[in-house]
1. Name every residue in the range 81-96 that is farther than 18 Å from residue 54 by Cβ and either touching a residue at least 40 places away in the same chain (Cβ under 8 Å) or in contact with a strand residue (DSSP E or B) (Cβ under 7 Å, 6 or more places away or on another chain) (or both), in order of residue number.
2. Residue 113: at negative phi, at pLDDT below 95 and surrounded by fewer than 17 Cβ atoms within 10 Å (Cβ to Cβ), yes or no?
3. Spot the failing condition for residue 55; the list is (1) surrounded by 17 or more Cβ atoms within 10 Å (Cβ to Cβ); (2) not in a helix (DSSP H, G or I), and only one is missed.
4. Is it the case that residue 69 is touching a strand residue (DSSP E or B) at 6+ places or on another chain (Cβ under 9 Å), closer than 24 Å to residue 84 by Cα and not in a loop (DSSP other than H, G, I, E, B)?
5. Looking only at the range 23-46, which residues are touching a helix residue (DSSP H, G or I) at 6+ places or on another chain (Cβ under 6 Å) and in a helix (DSSP H, G or I)?
6. State all residues of the range 96-110 that are surrounded by fewer than 20 Cβ atoms within 10 Å (Cβ to Cβ) and under 28 Å from residue 9 (Cα atoms); if no residue qualifies, say none.
C-alpha cells in the first residue's frame, strides 16, 4: 500500500499591532526606540500559530498578553504583514525579528518580545 505523505500546512503568522501614542510614556519603550522619528506609528510585532485577529483579541483579554498590547493596542495593521502569511514556524520566528528591525529602521516605535 502506497500512502502519500501530506504536506505540512503552514499556519503561523507574523502580525503588527498599532499602539496608542501613550505607550511613549513607558520608559522601557522609549529606551528600546532611540531612533524613533516623530510622527511615525508605534507598533508591536509578534508571531502566532493563531489567526492574527484572534491573537489580538487574546492580547486585549489578557490571555498570554504582551502588556503594551493589552494596555495600548489599538488595531491590527494588516498592510504591514499580510503579504508574508501564512508560513512555517521557523520562518515566522525569523520574520518577526526581521519585520521589527525593518520597521525600526523606518523610524517606527517598535516593541517585539
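The values are calculated or read from the model by the stated rules, or taken from the named source; none is laboratory data. Model, not experiment: these values are computed from the prediction. Here the Cβ positions follow ideal geometry from the backbone for every residue, glycine too, while neighbour counts run over all protein chains shown.
1. Taking the range 81-96 as the starting set, the residues that turn out to be farther than 18 Å from residue 54 by Cβ are 83, 88, 90-91, 93-95.
Once the filter is applied, which keeps residues that are farther than 18 Å from residue 54 by Cβ and either touching a residue at least 40 places away in the same chain (Cβ under 8 Å) or in contact with a strand residue (DSSP E or B) (Cβ under 7 Å, 6 or more places away or on another chain) (or both), the range 81-96 yields 88, 91, 93, 95.
2. Details: at negative phi: yes; at pLDDT below 95: yes; surrounded by fewer than 17 Cβ atoms within 10 Å (Cβ to Cβ): yes.
Yes.
3. With respect to (1) surrounded by 17 or more Cβ atoms within 10 Å (Cβ to Cβ); (2) not in a helix (DSSP H, G or I), residue 55 is out only on (2).
4. Details: touching a strand residue (DSSP E or B) at 6+ places or on another chain (Cβ under 9 Å): yes; closer than 24 Å to residue 84 by Cα: yes; not in a loop (DSSP other than H, G, I, E, B): yes.
So residue 69 passes the test.
5. 23, 29
6. Here is the first cut: in the range 96-110, the residues surrounded by fewer than 20 Cβ atoms within 10 Å (Cβ to Cβ) are 97-98, 101-102, 105-107.
Selection gives 97, 98, 101, 102.
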